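Read through the structure below, which is laid out as structure tokens, and then see the notes.
The values are calculated or read from the model by the stated rules, or taken from the named source; none is laboratory data. Remember, predicted model here, so these are calculated numbers, not experimental data. Because the Cβ atoms are built from the backbone with ideal geometry, glycine has one as well, and the counts that use them run over all protein chains shown. Ligands, DNA and RNA are excluded from the accessible area calculation, which covers all protein heavy atoms including side chains. Shrake-Rupley method; radii C 1.70, N 1.55, O 1.52, S 1.80 Å.
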Amino acid sequence: MNVTSSHRPCETQPEVPCVRVALPVPVTGTFDYKVPPDLCRAARVGCRVLVPFHRRKVTGYIMEILSQTSDRDLKEVADILDAEPVFPPKMVPFFQWIADYYVHPVGMVIRTSLPESYVKTAALTEAGTAVLNAGNLFSSDASRMLSWIRDHPDTPLQWPLKTLYPLQEKGWIRIQTRVRQRDISNPYALKFIRPRQGLDLKTVLANPGRRKARNEEAFLTEVFDAGTVLLSEIRVRFQNGAYLVDKWVKKNVLEVQRIPVHRNPGGLAAPPPAPPPELHARQREALNQIRRQLNEGGFSSMLLYGVTGSGKTEVYYQAVKHAVESGRQALLMAPEISLTVYLEALFRSRLGDRVAVYHSGLTRKERRYEWMRMIRGDVDLVIGARSSLFAPLPRLGLIIVDEEHDAAYVQEAARGKPHYHARDAAVVRARMEKALIILGSGTPSLQSYHNSVTGRYRLIAMPERVENRPLPHVEIVDMKEELDGLGRRQMLSSRLVTALDRHLAEENQAILFLNRRGFHRLYLCRTCGRAVSCPNCDVALTFHLNENRLICHYCGFSCGTEVRCAGCGQRRFKACGFGTEKLEQEVRTLFPRARISRIDADSARGKGEAARILGAFGRRETDILVGTQMIAKGHDFPRVTLVGVVSADLSLSFPDFRAGERTFQLLSQVAGRAGRGKWKGQVIIQTYNPDHYAVRSAMSHDYQSFFKKEEELRKALWYPPFCSLACIRLQGNSKKQTEAAARRLSSDLQHILKRWPRRGREIQVLGPVEAPIARIKGKVRWQFLVKSRSPALLRHFIAEIRRATIWLRSEGVYLISDVDPYDML
């Protein structure tokens, strides 16, 4: 794409002979290029450029404008793709820090952070043109595709790539990735159809030669009678509505009008609460500390530890309001997209339209539009999930990370995408921007609370609920003792069923939490006992009733239930275990008159579906909500008086040193959904490990005892926060080659440490071992754990590993380095 003609020259900017560019390629460092004289005035930090790299042209990002011409023979920039930067210059050090700390190429970090702006196009080669002109193609489909590609240069492809690859293999076309021209028109607009001024229906209908379709007269009559009609309504009422509109617009009879509208968060869980008449004492104390720091300016980090229902959201709002009134901007991060919907509604109702939302649930056009609003300073507050960390706010003064303990803030390492922890990176960004950062949670992560104990963070405590409402009463049910008359295990204990019946009779609501989706967890062969497993992953397939299929939750593979056992070839299977689908069915059987819904990754797959389900529950159109961890945080339902945790042991069984911490946090958070109104709450936790310290601490709402026990274990075993940790993972297609590469890498690591006689003693390497899930998406996985006393030494060690493992490419094995890993599977 060539947009040179749209560049706006800057008379005061001197000509720049060369620029430093970050490229989205798996190579460490940046690259210098000369700028041709006709592009000098358009070169600015943050603009995208098209540059030659090896034998191709690549889109890069200007990181720095160099003041002096280099003596080296540099290649020239081919084009500058933006009339205005896509990120501000002050973001450059932050991108570089992400790249350095997590050991990932900075160009790939930037590409991941920006809204997607690439499309696939195709061009005819000389051979393709000759074949098309000769007209000797055997396939009409191939002829049609080649003709379209010839007539639509630089246009996004309208066919799946798999249908075009055969044409490329024959040398007829060349598929290429191009930068999408930035469309920054408002995507939040409604299209209306109306007659052009000066025309009347009789005159139009009097010309019969214009009409062909049988329903055109009815169509025109409706539009002229209404005066203005919503385009979407026309498409619903008339099957050929799009054709009719296009036809009569071209004939200058009708015209399309776009009317901007306010963004609708859609299906809110409950109407935004009105501001409280006054803050309670703990809220006022917290807000006074925050305001003082905002007035003083400069970097500061605070941990806002407030129990569930203590009013942290109101403190967030007052802090944002103070920052905005001081002329600064704010960023509010939430771990779940469904939470951003609620927060957006609340803040927009009080702050107006200078609020932007940014997360992966938006369309690409919406993301680009919101991004450019931020760049231009048209917003005061950005609300978003993990990706909003990179929001380009030029006057950032306040960052709030709500539910800072949540693992959803972790971007897992994947090929081509960097691993990072948005919470930790947000602290660094606040320091670079000289801003205040507030980490909020009712169950702080061990690392954050440890930082408050050691003085790195300032601790602000809010230990009581608003209006002195009591915390819910928590009971533990030992499921080892819950058997039916035939001695079989029960899904729901008698105590939980009785409590559900009582709370429903009192016209209250209940939440049932089970952090496993699907219907049956396992399909076991009755002959040999082997589970039906995914052919691409070393995991068992889960049966889903709605689809009537066995599905892999890691790669998405699915198959019917009429399968043969891979071990013995038999077709006799026994379904075992249960998920949210089966739990929902069980509850419907027990309470046929209750209104029941389910929210998990399956039921909430469509855009806006999670908000719709939560909205119905918030409006009391649902009595019982069955769900996974999507319901465990942040939501406020005043009439929920009962929470049942169906299986508290799922997260305890994970092979992860954070298993106890995650269990305590999940139990405490989901328990915090009960009793948030004027009605007292009750929580029933079903478990097979009733004496585990995480379960006991959650039952007694005792964070301090949990923290003390967990800290002792981490210190004894030398795990974070008492060391820096990294996971080095090898992935390959061949089990034999991947294992051999892991053994060889183990030897290489020992050689590296021997060359560091003093600092090498500060590093401990565990492994290699097969990953707990040894194969995912067809990739065999081996891994090492690396511990170090120094974060800088750990990064240096990983960089040395990358330099010493060039040989991996020839073995067909890929190395992923995961600094501060949160997924040990």
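The number of residues in the stretch 509-538 that are aromatic (Phe, Trp, Tyr) and at pLDDT 90 or above comes to 1. Regarding Pro791, is this residue touching a Phe, Trp or Tyr at 6+ places or on another chain (Cβ under 7 Å), modelled with pLDDT of 90 or more and on the phi < 0 side of the Ramachandran plot? It is false that Pro791 is touching a Phe, Trp or Tyr at 6+ places or on another chain (Cβ under 7 Å), modelled with pLDDT of 90 or more and on the phi < 0 side of the Ramachandran plot. Taking the conditions exactly as written (part of a helix (DSSP H, G or I) and either within 20 Å of Glu222 (Cα to Cα) or at pLDDT below 95 (or both)), does Ile234 satisfy them or not? When the stated conditions are applied, Ile234 passes them.
Do we find a residue being within 22 Å of Tyr317 (Cβ to Cβ), of a type outside the set (Ser, Thr, Tyr), open to solvent by 20 Å² or more (accessible area, probe 1.4 Å) and assigned to a helix (DSSP H, G or I) anywhere in the stretch 429-445? Taking every residue of the stretch 429-445 in turn, at least one turns out to be within 22 Å of Tyr317 (Cβ to Cβ), of a type outside the set (Ser, Thr, Tyr), open to solvent by 20 Å² or more (accessible area, probe 1.4 Å) and assigned to a helix (DSSP H, G or I). Taken as a whole, the condition of being among the aromatic types (Phe, Trp, Tyr) and either more than 32 Å from the chain's Cα centre (by Cα) or assigned to a helix (DSSP H, G or I) (or both) does not apply to Phe657.
Quick grid of which residues meet (1) touching a Gly at 6+ places or on another chain (Cβ under 7 Å); (2) of a type in the set (A, V, I, L, M, F, W, C); (3) surrounded by fewer than 14 Cβ atoms within 10 Å (Cβ to Cβ):
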{"site": "Thr228", "(1), (2), (3)": "no, no, yes"}
{"site": "Ile234", "(1), (2), (3)": "yes, yes, no"}
{"site": "Gly241", "(1), (2), (3)": "no, no, no"}
{"site": "Glu255", "(1), (2), (3)": "no, no, yes"}
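The selection criterion, being without any contact (Cβ under 8 Å) to a residue 12 or more places away in the chain, farther than 26 Å from Arg620 by Cβ and not small (Gly, Ala, Ser), does not hold for Arg526.
Considering only residues in the stretch 797-812 that are without any contact (Cβ under 8 Å) to a residue 40 or more places away in the chain and among the charged types (D, E, K, R), the one that is least open to solvent (accessible area, probe 1.4 Å) turns out to be Arg803. On inspection, Arg526 does not qualify as closer than 30 Å to Leu614 by Cβ and open to solvent by 50 Å² or more (accessible area, probe 1.4 Å). The residue pairs whose first member lies in the stretch 286-299 and is over 11 Å from Leu398 (Cβ atoms) and touching a residue at least 60 places away in the same chain (Cβ under 8 Å), whose second member is surrounded by fewer than 15 Cβ atoms within 10 Å (Cβ to Cβ) and not aliphatic (A, V, I, L, M), and whose beta carbons are closer than 6 Å, counting only pairs six or more residues apart or on different chains, are Gly298/Lys434; Phe299/Lys434.
Rundown of residues vs (1) open to solvent by less than 60 Å² (accessible area, probe 1.4 Å); (2) under 30 Å from the mean Cα position of the chain (by Cα); (3) under 29 Å from Asp538 (Cβ atoms), yes/no style:
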{"residue": "Ser734", "(1), (2), (3)": "yes, no, yes"}
{"residue": "Arg758", "(1), (2), (3)": "no, no, no"}
{"residue": "Ile763", "(1), (2), (3)": "yes, no, no"}
{"residue": "Ala771", "(1), (2), (3)": "yes, yes, yes"}
{"residue": "Leu785", "(1), (2), (3)": "yes, yes, yes"}
{"residue": "Arg795", "(1), (2), (3)": "no, yes, no"}
{"residue": "Tyr814", "(1), (2), (3)": "no, yes, yes"}
{"residue": "Ser817", "(1), (2), (3)": "yes, yes, yes"}
{"residue": "Met824", "(1), (2), (3)": "yes, yes, yes"}
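Residue count for the stretch 375-415 satisfying the condition of being under 16 Å from the mean Cα position of the chain (by Cα) and over 22 Å from Arg662 (Cα atoms): 9. One residue stands out among those in the stretch 381-418 that are surrounded by fewer than 22 Cβ atoms within 10 Å (Cβ to Cβ) and among the polar types (S, T, N, Q): the one that is farthest from Asp823 (Cα to Cα), which is Ser387. Only one entry of Arg517, Arg502, Arg588, Arg495 meets the criterion of being outside any loop (DSSP other than H, G, I, E, B), in contact with an Asp or Glu (Cβ under 9 Å, 6 or more places away or on another chain), under 30 Å from Ser668 (Cβ atoms) and open to solvent by 50 Å² or more (accessible area, probe 1.4 Å), and that entry is Arg495. The single condition from (1) at pLDDT 90 or above; (2) open to solvent by less than 10 Å² (accessible area, probe 1.4 Å); (3) closer than 23 Å to Gly311 by Cβ that Tyr358 fails is (3). Output the residue which, of all residues in the stretch 529-540 that are open to solvent by less than 30 Å² (accessible area, probe 1.4 Å) and in contact (Cβ under 8 Å) with a residue 60 or more places away in the chain, is nearest to Gly579 (Cα to Cα). Checked the stretch 529-540; the qualifying residue nearest to Gly579 (Cα to Cα) is Val539.
Checking each residue in the stretch 328-341 for being modelled with pLDDT of 95 or more and open to solvent by 40 Å² or more (accessible area, probe 1.4 Å) picks out only Arg328.
Here the helices (runs of 4 or more DSSP H) wholly within the stretch 89-168 that include at least 2 residues being closer than 25 Å to Arg368 by Cα, open to solvent by 40 Å² or more (accessible area, probe 1.4 Å) and modelled with pLDDT of 85 or more are 92-101, 106-113.
Here the stretch 552-568 is the region considered, the condition is being open to solvent by less than 70 Å² (accessible area, probe 1.4 Å), modelled with pLDDT under 90 and in contact with a Ser or Thr (Cβ under 9 Å, 6 or more places away or on another chain), and the residue that is nearest to Ile511 (Cα to Cα) is His553.
All conditions but one from (1) more than 19 Å from Leu446 (Cα to Cα); (2) surrounded by fewer than 23 Cβ atoms within 10 Å (Cβ to Cβ) apply to Arg673; the one that does not is (2). Residues in the stretch 637-658 that are within 30 Å of Ala774 (Cβ to Cβ) and either in contact with a Cys (Cβ under 6 Å, 6 or more places away or on another chain) or touching a residue at least 12 places away in the same chain (Cβ under 8 Å) (or both): Val646, Ser647, Ala648, Asp649, Leu650, Ser651, Leu652, Phe654, Pro655, Asp656, Phe657, Arg658. Exactly one residue out of Phe578, Phe543 is surrounded by 16 or more Cβ atoms within 10 Å (Cβ to Cβ), touching a residue at least 12 places away in the same chain (Cβ under 8 Å), among the aromatic types (Phe, Trp, Tyr) and not in a loop (DSSP other than H, G, I, E, B), and it is Phe543. Contact annotation: residue pairs with Cβ atoms under 8 Å, 6 or more positions apart or on different chains, pairing a residue in the stretch 696-712 that is open to solvent by less than 20 Å² (accessible area, probe 1.4 Å) with a partner that is part of a loop (DSSP other than H, G, I, E, B), are Tyr703/Thr443; Tyr703/Pro444.
Please work out if Leu745 is more than 29 Å from Asp424 (Cα to Cα), surrounded by 15 or more Cβ atoms within 10 Å (Cβ to Cβ) and touching a residue at least 24 places away in the same chain (Cβ under 8 Å). Judged against the criteria, Leu745 is a match. Of all residues being closer than 30 Å to Asp79 by Cβ, among the basic types (Lys, Arg) and in contact with a strand residue (DSSP E or B) (Cβ under 6 Å, 6 or more places away or on another chain) in the stretch 169-220, which is modelled with the highest pLDDT? Just the residue, please. Only one residue fits best here, namely Arg174.
Among the candidates Arg605, Arg571, Arg595, Arg619, the residue that is surrounded by fewer than 17 Cβ atoms within 10 Å (Cβ to Cβ) and touching a strand residue (DSSP E or B) at 6+ places or on another chain (Cβ under 8 Å) is uniquely Arg595.
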